[in-house]
1. What number of residues within segment 45-76 are under 16 Å from Ala93 (Cα atoms) and in contact with a strand residue (DSSP E or B) (Cβ under 8 Å, 6 or more places away or on another chain)?
2. Just to be sure before I move on: is Phe138 of a type in the set (Phe, Trp, Tyr), closer than 27 Å to Gln160 by Cβ, outside any strand (DSSP E or B) and out of contact with any Cys (no Cβ under 7 Å at 6 or more places or on another chain) in the structure I sent?
3. Restricting to segment 70-81, give me the number of residues that are surrounded by 15 or more Cβ atoms within 10 Å (Cβ to Cβ) and either assigned to a loop (DSSP other than H, G, I, E, B) or more than 24 Å from the chain's Cα centre (by Cα) (or both).
4. Within the group Ala175, Ala195, Ala153, Ala161, which residue is within 19 Å of Ala216 (Cα to Cα) and either at pLDDT 95 or above or part of a helix (DSSP H, G or I) (or both)?
5. If you go through segment 218-245, how many residues are small (Gly, Ala, Ser) and not in a helix (DSSP H, G or I)?
6. For the structure I just gave you, tell me whether Gly215 is modelled with pLDDT of 95 or more, assigned to a helix (DSSP H, G or I) and either in contact with a Ser or Thr (Cβ under 7 Å, 6 or more places away or on another chain) or farther than 19 Å from Gly136 by Cα (or both).
7. Just a yes or no: is a residue in segment 22-30 modelled with pLDDT under 95, within 20 Å of Leu154 (Cα to Cα) and among the hydroxyl-bearing types (Ser, Thr, Tyr)?
8. For segment 109-166, name all the residues that are in contact with a helix residue (DSSP H, G or I) (Cβ under 8 Å, 6 or more places away or on another chain), more than 30 Å from Phe185 (Cα to Cα) and among the charged types (D, E, K, R).
Amino acid sequence: MSTSSTPTSFELIAFIGGGNMASAIIGGLLRQGRSPGSILVVDPGEAARERLATQGLRTQAAPDEALRAASLVVWAVKPQQFKDAAASTAALATQALHYSVMAGLRTEDMARLLGTQRIARAMPNTPALVGQGITGLFARAQVTDAERAAIEALVRPTGQALWVGQESDLDAVTALSGSGPAYVFYFIEAMVQAAADMGLSPEQGRVLALATFAGATSLASQSEDSPATLREKVTSKGGTTYAALTTLENAGVKASFIEAMRAAQKRAGELGDEFGR
């Protein structure tokens with residue numbers, strides 16, 4: 001691709017792997033009006049191919065000469081499957097920009113196995129499935145500004161995008177937003193359990209918990225106040241919120257939460273070491 005590339009210049013996009021994250025990106029592309037026939041998905045799973053084919057996409061079980069026409073290859077296989085997949089794909093995709101949504105696998109190792117430096121890496125999260133995701137992005141120096149813009153256009157239908165300046169920062173992105181939905185679900189789960197313990201029905205607890213998280217997040221995103229200030233505005237000395245937050249502080253919840261994210265960051269780096277071998 002030349003430096004004059006635009007967000008619409010990917011004539012054929014090939015996905016290696018057709019799982020949930022690939023489906024989220026593909027769904028966004030189709031909502032943008034992209035022709036299903038300009039998307040090729042390579043997946044050995046018959047069920048996945050049949051599901052994707054119902055959307056009019058081109059599907060196949062293994063890479064072949066059709067990949068030579070791809071201007072973008074999206075890597076959406078499990079990281080431990082990449083080495084074998086790259087061996088059968090690299091020679092067919094030397095002309096393409098490569099875009100990875102695989103967790104942990106570093107672009108340096110991808111470059112070695114693919115024989116190209118034109119690689120960008122993403123750390124999306126599962127709310128991308130409903131267009132509310134946040135994707136951390138990193139690109140190697142050989143990726144042009146126009147190609148970066150094209151990648152942002154690829155991400156946009158699934159939510160927001162945030163570029164980082166060094167690849168190691170993606171480990172922190174993984175710990176914060178990549179794994180982050182699980183933390184939110186964990187707190188919602190606890191709130192629903194507490195609701196039941198206090199005499200509400202599970203459905204009432206679910207409705208209240210989900211609305212509280214959605215509303216608080218919306219308020220925080222629209223307010224000029226910091227999260228700490230917003231918290232203080234809800235917390236009257238000696239009141240109910242004060243009682244709850246004091247209990248959390250005494251239990252060391254904030255410190256444990258920060259420690260948990262550092263553990264996730266560390267594990268992300270370890271996975272990069274393992275998958276790159």
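The values are calculated or read from the model by the stated rules, or taken from the named source; none is laboratory data. Bear in mind the structure is a predicted one, so any value in this text is a computation, not a measurement. Please note: Cβ atoms are built from the backbone with ideal geometry, for glycine as well, and neighbour counts cover all protein chains shown.
1. Initially, segment 45-76 is screened for residues under 16 Å from Ala93 (Cα atoms), giving 60, 62-76.
This time we only want the ones that are in contact with a strand residue (DSSP E or B) (Cβ under 8 Å, 6 or more places away or on another chain), so: 60, 62-63, 66-67, 70-76.
Number of matching residues: 12.
2. On the way: of a type in the set (Phe, Trp, Tyr): yes; closer than 27 Å to Gln160 by Cβ: yes; outside any strand (DSSP E or B): no; out of contact with any Cys (no Cβ under 7 Å at 6 or more places or on another chain): yes.
Answer is no for this residue.
3. Going through segment 70-81, the residues surrounded by 15 or more Cβ atoms within 10 Å (Cβ to Cβ) turn out to be 70-77, 79, 81.
Still in the running and either assigned to a loop (DSSP other than H, G, I, E, B) or more than 24 Å from the chain's Cα centre (by Cα) (or both): 70-71, 76-77.
Of the residues in segment 70-81, 4 are surrounded by 15 or more Cβ atoms within 10 Å (Cβ to Cβ) and either assigned to a loop (DSSP other than H, G, I, E, B) or more than 24 Å from the chain's Cα centre (by Cα) (or both).
4. Values: Ala175 fails: within 19 Å of Ala216 (Cα to Cα); Ala153 fails: within 19 Å of Ala216 (Cα to Cα); Ala161 fails: within 19 Å of Ala216 (Cα to Cα).
Just one listed residue meets the conditions, Ala195.
5. Here is the first cut: in segment 218-245, the ones small (Gly, Ala, Ser) are 218, 220-221, 223, 226, 228, 236, 238-239, 243-244.
Pick out the ones that are also not in a helix (DSSP H, G or I) and you get 223, 226, 236, 238-239.
Count: 5.
6. Numbers: modelled with pLDDT of 95 or more: yes; assigned to a helix (DSSP H, G or I): yes; either in contact with a Ser or Thr (Cβ under 7 Å, 6 or more places away or on another chain) or farther than 19 Å from Gly136 by Cα (or both): yes.
The answer is yes for Gly215.
7. Step one: filter segment 22-30 for residues modelled with pLDDT under 95, giving 22-30.
Filter once more, so that each one left must be within 20 Å of Leu154 (Cα to Cα): 22-30.
From what is left, the residues that are among the hydroxyl-bearing types (Ser, Thr, Tyr) are 23.
The answer is yes; a qualifying residue exists.
8. Those that are in contact with a helix residue (DSSP H, G or I) (Cβ under 8 Å, 6 or more places away or on another chain), more than 30 Å from Phe185 (Cα to Cα) and among the charged types (D, E, K, R): Asp109, Arg118, Arg140.
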